[in-house]
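A short write-up of the structure that comes next.
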Amino acid sequence: MAADVLQRFHPDVAKFVEAVLNNGGMGVCGELPKIIEPKTSLSFNYTRGNVRSCDRFKVLIPYAGRSLKWEVIFNQAQPDFPPDFIFGLHDQDFVPNITEVKSLENWDASDPQSLVILINELVSQYKEHQRKQVEQIPRIHFEYTTLAADNNYPEFEVHVIRGQQNTDTIVNFMIKLPVDLSEVPPYIIKDCPGEDMACLFVTYASLNGENVKPTLLLSPRVERAFGGASNLRIPHWGGVNGCLLEYLPLIQELFAQKVEQVCQMFQKRREYIAAFLSAFGSSILEYDSEGFMKLSLLFQVQGFFCIVHIELDKNFPHEAPFFYLQSIYHEKNNQPYEKLEADYPYSPRWSGDEMAERARLFLMEKIPAFKEASLNNAKF
């Protein structure tokens, strides 16, 4: 919330609002809560001269892939009193056990964190309320109880969203998945701070398990480590007989395979660059010593000097490198004359040493032709 909006709240309330917004993420995925629709309990005539008068608002609490919209009602005339809550339209049957909400009994109006603590206690009761809702749906209850009994996935939320008819009811699971990026080359994620977070969001649109849609949610850091969301294809759900405890290990296996793939491609690029450093040490102008994605060499053939830029794709060795020949004498359109050479012998199964030798033979053959092209198509 912008600072100017925060200024609309009464000082006795603003400190609680600010604490909620600055408390960090909530829910399994650690999403940030939001404050909307600030209002005042004062009459209109009074508020015209009092801009800091809001003492009620709605808080959007991340929960199981959606947001709980709860209204929080303070009374600025009684600043020492805890707030009342009005729960959302779909939560009218949620009646918390007030005797178990200790933060109400021990409400401290001087502590800005008091509202955060109270919301967290109410969310805990809401989770228990959802567990009881699940007990009425046999198939979902099976998924819930087996997941709760498994120690591999301790953090999850379930949300029963009832429609006007039983067939309109949907159930969402949000499950936090363990993810280990310790083996990923540091350069890939060094500029992407944040949490290593992965969650599986599963929607049951039919309560017998016929219509199930899993969706994988990754933090930017994890997505970067895996090479982007487009490089990650999650397994298909197992149909009506599929279940969470059979599906989740498939996702974990996918993670492990992706980390292994990223590490292997990194090692292959490093091997490739090392082979060129060994074979053409005196010709190396520069190279990427961190990600091993490119290098530049100075070649001399028949008295003609040119620079060879080699760029590796992130999917190397499955994708062949790009060779750019660049004249040091000629230019075209005010740029050094350059030509891409893509049609050369290549196999991803070759060792780095063989790739370097094959590249040397190819370049020795192509550079004389590049010299002629430079003279014919460029100017001094």
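The values are calculated or read from the model by the stated rules, or taken from the named source; none is laboratory data. This one's a predicted model, so the numbers in the text were calculated from it and none came from an experiment. Glycine also receives a Cβ, built like all others from the backbone with ideal geometry; neighbour counts cover every protein chain displayed. Just so you know, the surface numbers come from the protein's heavy atoms only, side chains and all, with ligands and any DNA or RNA stripped out. Shrake-Rupley method; radii C 1.70, N 1.55, O 1.52, S 1.80 Å.
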_Among R269, R56, R360, which one shows the highest mean-square fluctuation when the chain is modelled as a Gaussian network with alpha-carbon springs under 10 Å?_
R360
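Calculate the translational D of the range 197-329 in whole µm² s⁻¹ from Stokes-Einstein, where the hydrodynamic radius comes from the Kirkwood formula applied to all Cα pairs, the temperature is 10 °C and the viscosity 1.306 mPa s.
Details: Rh = 18.2 Å.
Estimated diffusion coefficient is 87 µm²/s.
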_Dipole magnitude of the chain, debye to nearest 20 (Cβ charges: Lys/Arg +1, Asp/Glu -1, about Cα centre)_ = 920 debye
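Whenever you get a sec, compute what percent of the accessible area on the chain sits on carbon and sulfur atoms (1.4 Å probe). Don't skip to the answer; put the middle values down first.
Working: 9820 of 20220 Å².
Ligands and nucleic acids excluded, carbon and sulfur reach 49 percent.
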*At a Förster distance of 41 Å, what's the computed FRET efficiency of R233 paired with K332, Cβ-Cβ distance as r, to 0.05?*
0.45
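Using a Förster distance of 25 Å, how high is the FRET efficiency between A369 and H318, based on the Cβ-Cβ distance and rounded to 0.05?
0.30
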*Around Y63, what is the net charge, scoring Lys/Arg as +1 and Asp/Glu as -1 over all other residues with Cβ under 15 Å from its Cβ?*
+1
*Could you work out the helix-only [θ] at 222 nm for the chain, with each DSSP H run of four or more residues adding -39,500 (n - 2.57) and the total divided by the number of residues, to the nearest 500 deg cm²/dmol?*
-10500 deg cm²/dmol
*Would you check the accessible area of M293, probe 1.4 Å, heavy atoms only, in square angstrom rounded to 10?*
50 Å²
*asked:* Take F85 and N376, extend 7 Å from each Cα along the Cα→Cβ direction, and tell me the distance between the two endpoints in nm.
replied: 7.9 nm
_Principal-axis tilt of helix 244-279 within the chain, Cα atoms, nearest 10 degrees_ = 30 degrees
*Which of the GluC sites (Glu not before Pro) found in the range 296-334 are in a DSSP loop and have at most 14 neighbouring Cβ atoms, other than their own, within 10 Å?*
E319
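As an exercise, use a Förster radius of 25 Å and the Cβ-Cβ distance of K34 and I73 to find the FRET efficiency, rounded to the nearest 0.05.
On the way: r = 17 Å, r/R0 = 0.70.
My answer for the efficiency is 0.90.
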_Tilt relative to the chain, helix 352-377 - C-alpha long axis, 0 to 90 degrees, to 10_ = 70 degrees
*Give me the distance in nm between label points sitting 7 Å out from Cα along the Cα-to-Cβ direction at A149 and S347, one decimal.*
5.3 nm
*To the nearest 20 debye, what charge dipole does the range 285-362 have about its Cα centre, counting +1 at the Cβ of each Lys and Arg and -1 at the Cβ of each Asp and Glu?*
160 debye
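Determine the sum of side-chain charges near G227: Lys and Arg each +1, Asp and Glu each -1, restricted to other residues whose C-beta is under 10 angstrom from that of G227. Can you show the working numbers first?
Working: positive: R224, K258, K314; negative: E223.
In short, +2.
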*Describe numerically, in nm with one decimal, the distance between label points set 7 Å from Cα along Cα→Cβ at L254 and at H129.*
3.3 nm
_the chain: angle of helix 11-22 to the longest principal axis, Cα-based, in degrees nearest 10_ = 40 degrees
*Tell me, in nm to one decimal, what length is gained between I161 and R270 on full extension, where the rule is 0.36 nm per residue of separation less the Cα-Cα distance?*
34.1 nm
*E183 to S282: extension gain in nm, 0.36 nm per residue of separation minus the Cα-Cα distance?*
32.3 nm
*Accessible area (Å², per residue) of the chain, counting only protein heavy atoms and a probe of 1.4 Å*: 53 Å²
*Structure shown: which of K176/K258; K268/K371; K132/K213; K127/K190; K268/K339; K213/K314 lie over 28 Å apart, alpha-carbon to alpha-carbon?*
K268/K371; K127/K190; K213/K314
*Take the chain, compute every pairwise Cα distance, and split them into 10 Å bins from 0; I just need the percent in each bin.*
4, 17, 19, 16, 14, 11, 10, 6, 1, 0
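Under 15 Å from the Cβ of A275, count the other residues' Cβ atoms, weight Lys and Arg +1, Asp and Glu -1, and hand me the total.
Local charge sum for A275: +2.
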*Using 0.36 nm per residue of separation minus the Cα-Cα distance, give me the extension gain between N22 and V95 in nm, one decimal.*
23.5 nm
*Compute the Kirkwood hydrodynamic radius of the range 10-143, taking the inverse of the mean of 1/r over all pairs of distinct Cα atoms, and give it in Å to one decimal.*
16.1 Å
_Amide proton proximity set for K332, modelled H, under 5 Å, gap of 5+_ = Y337
